[in-house]
Amino acid sequence: MRYTTLKKTNLRISRIGLGTNAVGGHNLFENINEEAGKKFVEAALEEGITFLDTADIYGKGRSEELIGQVISGRPRNEIVLATKGSQNWQTADGSVQTDNSPAYLRQAFEASLKRLQTDYIDLYYIHFPDGKTPIGEAVAELVKWKEEGKIRAIGVSNLSFEQLQEANVHGDINALQMPYHLLDRSVEKDILPYCVENDISFIPYGPLAFGLLGGKYTKEFTLAPNDWRRSVSLFSSDEFENSLAKVEQLKKVAANKNSTVSHLSLAWLLSQNGVDSVIPGGKHPEQIRDTAKASRLLLTAEDLSQIDDILS
Ligand SMILES: NC(=O)c1ccc[n+]([C@@H]2O[C@H](COP(=O)([O-])OP(=O)(O)OC[C@H]3O[C@@H](n4cnc5c(N)ncnc54)[C@H](OP(=O)(O)O)[C@@H]3O)[C@@H](O)[C@H]2O)c1
């Protein structure tokens, strides 16, 4: 495994981290097996993956609980734990409401600590902006937690370029999480360069295009009715076949390097300036054992230009 440092901190993170929205993520995927999810996290730790990414909304607390069970017996300082809050599911009508008010965020954070069986979080993200609380006000609340020693670093996610600049007006942001992968390079326009210029670790989510860059999906692939990826445009009937055609071409580049398209996809992200770690997800231990091998793959300038040609 390769490691780096989260920007403006002394937190050492593995360049391949772990995405856990399918660990106990019953509200996002069909037929989630919790034991397989725990084994997925255990296997990641065995592979030297130390940077774990979860959120309170994954499984409405269940992902954090399962991760808490896995890490509770291990040295806490060997794990860099990231979680997120803002999505309130404990509402009167049961709908999920985004809330960035300092009072709500603090309450959500305290609940995350309990579920994760820890007394601090290394990296806490504001998961989504709520469209009413000024993002600076929400970040100011996290700055207080940092001063109180409850968190080590501040993250934001799912922001527009303008919101990101507003959130970082005092230079407080350590990490930004946005979708970024071979089939969606929209952040390259302004968000990624801003992170490079302002010393913010860019952590792409959906690094395998939510499974499409895993290389197994075919035209016949369908999503279960309650699978959250129904809201991702790549899976819409307009885009899906076009994306599969690109994956087929990328597979050839990978094969020429005796590699796979999933490893190529992660190595490509890790070769982008500003990307400090990727957080691929999965449901089974074998997936992360395979994924961890991607840290060995290094791409040449020629590989990168071949990939650009396919994507242009
Ligand atoms: N901040 C946010 O709003 C936000 C939003 C979404 C996600 N995230 C975070 O980002 C993480 C990563 O995103 P993601 O999990 O949605 O998508 P992803 O990492 O792009 O894709 C994960 C999927 O890729 C496939 N896969 C995994 N390992 C593989 C391997 N070795 N070979 C081939 N295929 C493989 C699996 O699909 P199959 O099981 O179908 O094969 C797996 O479910 C999440 O877990 C979560 O922590 C954050």
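The values are calculated or read from the model by the stated rules, or taken from the named source; none is laboratory data. Since we're looking at a predicted model, the values are computed, not measured. Every residue, glycine as well, gets a Cβ built from its backbone with ideal geometry; the counts of neighbours run over all protein chains shown. Ligands, DNA and RNA are excluded from the accessible area calculation, which covers all protein heavy atoms including side chains. Shrake-Rupley method; radii C 1.70, N 1.55, O 1.52, S 1.80 Å.
For the range 197-212, the set of residues classified as in contact (Cβ under 8 Å) with a residue 60 or more places away in the chain, open to solvent by 40 Å² or more (accessible area, probe 1.4 Å) and either closer than 18 Å to E162 by Cβ or among the acidic types (D, E) (or both) consists of D199 only. Looking only at the range 274-304, residues that are open to solvent by 60 Å² or more (accessible area, probe 1.4 Å), under 27 Å from K189 (Cβ atoms) and polar (S, T, N, Q) come to 1 in all.
Of the residues in the range 287-312, how many are within 16 Å of the ligand (Cβ to nearest atom) and without any contact (Cβ under 8 Å) to a residue 40 or more places away in the chain?
Here the count works out to 3.
Within the range 218-244, residues that are closer than 19 Å to L182 by Cα reach partners that are of a type in the set (K, R) and surrounded by 12 or more Cβ atoms within 10 Å (Cβ to Cβ) with beta carbons closer than 8 Å, at six or more positions or on different chains, in the pairs F235/R229. Just one of the numbered conditions (1) at pLDDT 95 or above; (2) among the charged types (D, E, K, R); (3) closer than 26 Å to H127 by Cβ; (4) touching a Gly at 6+ places or on another chain (Cβ under 8 Å) is not true of K251: (3). Filtering S243, S271 for residues that are touching a helix residue (DSSP H, G or I) at 6+ places or on another chain (Cβ under 8 Å), open to solvent by less than 40 Å² (accessible area, probe 1.4 Å), away from the ligand (no atom under 11 Å from the Cβ) and polar (S, T, N, Q) leaves a single hit, S243.
If the condition is being surrounded by 14 or more Cβ atoms within 10 Å (Cβ to Cβ), charged (D, E, K, R) and in a helix (DSSP H, G or I), then the range 246-265 contributes K246, K251.
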